[in-house]
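What follows is a short report on a single structure.
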Amino acid sequence: MTLPKRASLDIKALAKDLRSGHRAALARAITLVESRRGDHQAAARDLVQALLPDTGTAIRVGITGSPGVGKSTTIDALGMFLIERGHKVAVLAVDPSSARTGGSILGDKTRMARLSASDRAYIRPSPAAGTLGGVAAKTREAMLLCEAAGFDVVLVETVGIGQSETAVCDMTDFFLALMLPGAGDELQGIKKGLVELADMIAINKADGDNIKRANLAAAEYRGALHILSPRSEHWQPPVETYSALTGAGIDILWRKILEHRTAMNASGEFAERRREQQVKWMWSMLEQRMMARLRADPAIRSKVRKIEAEVADGRIAPALAAEQIADMLA
């Protein structure tokens with residue numbers, strides 16, 4: 001999806017088409033918010049602001065897990081389960097990026113064959129481009145655009161390669177951590193601190209000869225959760241087993257997500273989390289704008305390069321250098 005070379009975008013028309021559920025408009029809108037051009041970024045801010053009243057009603061689920069755990073296969077199975085029950089599902093799948101070039105393979109669609117063929121699903125792969133938490137820099141905006149387009153369930157698949165997972169917690173209502181049976185994930189997951197962030201732990205590949213190992217892994221996690229402080233006093237994270245291959249247990253995963261939403265709404269914590277997420281989003285955007293200004297202003301960029309050289313040569317302490325750069329933005 002390409003955008004005009006000049007800032008001649010009709011934001012009102014684009015917002016209208018997006019509210020009507022036009023897939024091409026949604027794709028164009030997400031491309032707009034992902035663009036690094038100044039005029040496109042300004043237009044994207046106007047678009048998101050215009051659509052804000054049409055957002056906030058979807059169930060937002062973050063899904064993470066180590067490579068090979070079956071995240072994409074799980075999303076394919078869960079997405080089809082939801083579509084069969086009348087839902088519209090948007091998937092924001094974040095692919096690993098090259099640290100050197102920023103490029104990525106973007107192959108998630110090939111692993112969600114059934115979902116990608118459904119007209120009630122929308123899959124948008126985006127490169128992580130070095131963003132912590134395995135979440136693309138514009139995932140929040142993309143999520144709001146999907147909600148405005150009528151998708152009532154948004155699934156965010158993270159990279160899951162050991163980066164900080166706090167980012168996905170700060171933009172979703174429910175954080176699902178996927179694990180494998182008998183692969184050493186039990187202790188590894190606890191070391192990462194992933195267990196403390198998860199609203200549910202799900203052991204995948206509980207089929208065939210793996211069922212016994214999956215049940216054993218689930219028992220170990222349940223034991224671990226008893227000695228850890230839950231993320232919320234109103235919700236004790238469950239541990240479930242399922243099979244993305246056969247579909248067994250997918251209905252249980254969804255039922256737990258709904259039960260969590262009910263519990264959070266009843267306690268008032270759901271609304272409070274959403275408010276906190278908005279504020280954290282604001283600060284995240286502010287940090288991005290400040291970094292963009294450092295890169296865009298030629299005079300500032302020249303001074304920053306000079307300071308970098310002085311830090312590298314040991315002539316200036318990093319703390320003092322950071323203070324000098326911050327003063328430039330005042």
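The values are calculated or read from the model by the stated rules, or taken from the named source; none is laboratory data. What you see is a predicted model, and the numbers here were worked out from it, not measured in a lab. Please note: Cβ atoms are built from the backbone with ideal geometry, for glycine as well, and neighbour counts cover all protein chains shown. Just the protein is used for accessible areas: all its heavy atoms, side chains included, with ligands, DNA and RNA removed. Shrake-Rupley method; radii C 1.70, N 1.55, O 1.52, S 1.80 Å.
Could you run through region 310-325 and say how many residues are β-branched (Val, Ile, Thr) and either more than 28 Å from ARG36 (Cα to Cα) or open to solvent by 90 Å² or more (accessible area, probe 1.4 Å) (or both)?
Number satisfying all stated conditions: 2.
One line per residue, one yes/no per condition, for (1) among the aliphatic types (A, V, I, L, M); (2) over 16 Å from SER66 (Cα atoms):
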position	(1), (2)
MET200	yes, no
ILE227	yes, yes
ALA248	yes, yes
LEU258	yes, yes
PHE270	no, yes
Taking region 53-85 and keeping residues open to solvent by 30 Å² or more (accessible area, probe 1.4 Å), assigned to a helix (DSSP H, G or I) and more than 13 Å from ILE250 (Cα to Cα) leaves PRO53, ASP54
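In region 153-210, what count of residues is obtained for those that are outside any loop (DSSP other than H, G, I, E, B) and modelled with pLDDT of 70 or more? Step through it out loud before you land on a result.
Taking region 153-210 as the starting set, the residues that turn out to be outside any loop (DSSP other than H, G, I, E, B) are 153-157, 166-169, 174-179, 185-192, 194-197, 200-203, 208-210.
With modelled with pLDDT of 70 or more added as a condition, the list becomes 153-157, 166-169, 174-179, 194-197, 200-203, 208-210.
Residues that pass the stated criteria total 26.
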Taking first residues from region 275-291 that are more than 15 Å from ARG45 (Cα to Cα) and second residues anywhere that are acidic (Asp, Glu), the pairs with Cβ under 6 Å that are 6 or more apart or on different chains are GLN277/ASP170; LYS280/ASP170
Taking region 262-279 and the residues there that are surrounded by 15 or more Cβ atoms within 10 Å (Cβ to Cβ) and within 19 Å of the chain's Cα centre (by Cα), the one that is nearest to ASP170 (Cα to Cα) would be GLN277
Restricting region 284-309 to residues that are touching a helix residue (DSSP H, G or I) at 6+ places or on another chain (Cβ under 7 Å) and open to solvent by less than 40 Å² (accessible area, probe 1.4 Å), the one modelled with the lowest pLDDT turns out to be LEU294
